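Each remark here refers to the structure printed beneath this line.
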Amino acid sequence: MNEDRIDTIEKALVKAHRERPEAGADPAWKAGVLERVYRLESAGTGSKDDRAVRFVLRFAAFACAFAFALSLYAFGSGLRAEQLAMKLLLSDPMAAITPGVGEL
Amino acid sequence: MGELKDLADSEVISRVIEGRTDDFGVLLDRYHAYVFKVVSGHVPYDAVPDLAHDVFVEAYRSLTDFDGRMPFKNWLAGIAVHHCYDYWRIHYRNREIPMSAFTEDHRESLDAVVASEADSAFSRQEAQKEAREILQAALVGLSPEDRMVLVLVHFEGHSVKEAAGLLGWSSVNVKVRAHRSRAKLRKRIADMLKGSESR
């Protein structure tokens, strides 16, 4: 295949691409954009609220990850968290956290 | 509004962030043609208005992220390029297009360009439309990443560094893709010419 012919086609395509006619926006298009922007603003999801939303989402993700890690640690340590919590709330806290002392 | 037109982009942006949403119209007036131009270089013409619409809405939502380190126009171009890339990630389907999908007009256009050995053969308006269609056919099968790099670097004339900045990718990645995608394009053109000759 003649490389010169490919070069010619390639250059012609590049030239046609760069000389493409400009597509214009009509007033209805602009009005549509502004309408959507106003809706975002009234819904409270405008630009000035985005940072707060992102902070809350990131903090929530961190809190969930921390809680999950803590749960894994609790299960791995053999702590029976539910039983411990029950004893602390319903009976003598000292007995709950120092098993065997009450028998002395 | 006559006063607003004289304000710098940064001042208009500050006003919008403060809550004067109407002032966003100034940025829309200033840059809608530019965004249309950027977007039309990457996606089919019928998709341009909707995509440009999304670009400006995204720009509005992200205005607080604009730190002024680059001109607003460049920042806007980055958003536009990302939306075009997302468009092709969604629309990336068939890797091949049969040669029979080319019309007789397309084949004649290719023959005319080769015969004239001139890159101005697509200068007529109707031929330009055919050229764009031929180009879109030639780009079918390219991955969205290769397509974006090819158009930015080879067709739009951006440097590797500029294209990498617009896409948010490494210069090495863009450089490798630019070379590879151009080779694919040339092979595609060769296939088209073979198909034209075999008639």
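The values are calculated or read from the model by the stated rules, or taken from the named source; none is laboratory data. Predicted model, so just to flag it, every value in this text is computed and none were measured. All Cβ positions, even for glycine, are placed from backbone atoms using ideal geometry, and neighbour counts span all protein chains on display.
Worth pointing out:
- B:Lys5 assigned to a helix (DSSP H, G or I), more than 8 Å from chain A (Cβ to nearest Cβ) and basic (Lys, Arg): yes
- All of B:Ala47, B:Ala52, B:Ala33 fail the test of being loosely packed, with under 15 Cβ neighbours inside 10 Å, hydrophobic (A, V, I, L, M, F, W, C) and assigned to a helix (DSSP H, G or I), apart from B:Ala33.
- The residues of segment A:18-39 that are buried (at least 17 other Cβ atoms within 10 Å of the Cβ), at pLDDT 90 or above and closer than 26 Å to B:Lys129 by Cβ amount to a single one, A:Trp29.
- Close pairs (6 angstrom Cβ cut-off, 6 or more residues apart or separate chains): within 11 Å of another protein chain (Cβ to nearest Cβ) in segment B:9-38, crowded, with 19+ Cβ neighbours inside 10 Å and not in a helix (DSSP H, G or I) anywhere: B:His32/A:Ala25
- Pairs, first away from chain A (no Cβ under 11 Å) in segment B:180-191, second among the acidic types (Asp, Glu) and in a helix (DSSP H, G or I), C-beta under 7 Å, six or more apart: B:Arg180/B:Asp146; B:Ser181/B:Asp146; B:Lys184/B:Asp146
- A single entry from B:Val57, B:Val81 fulfils the requirement of being in contact with a helix residue (DSSP H, G or I) (Cβ under 7 Å, 6 or more places away or on another chain) and buried (at least 21 other Cβ atoms within 10 Å of the Cβ): B:Val81.
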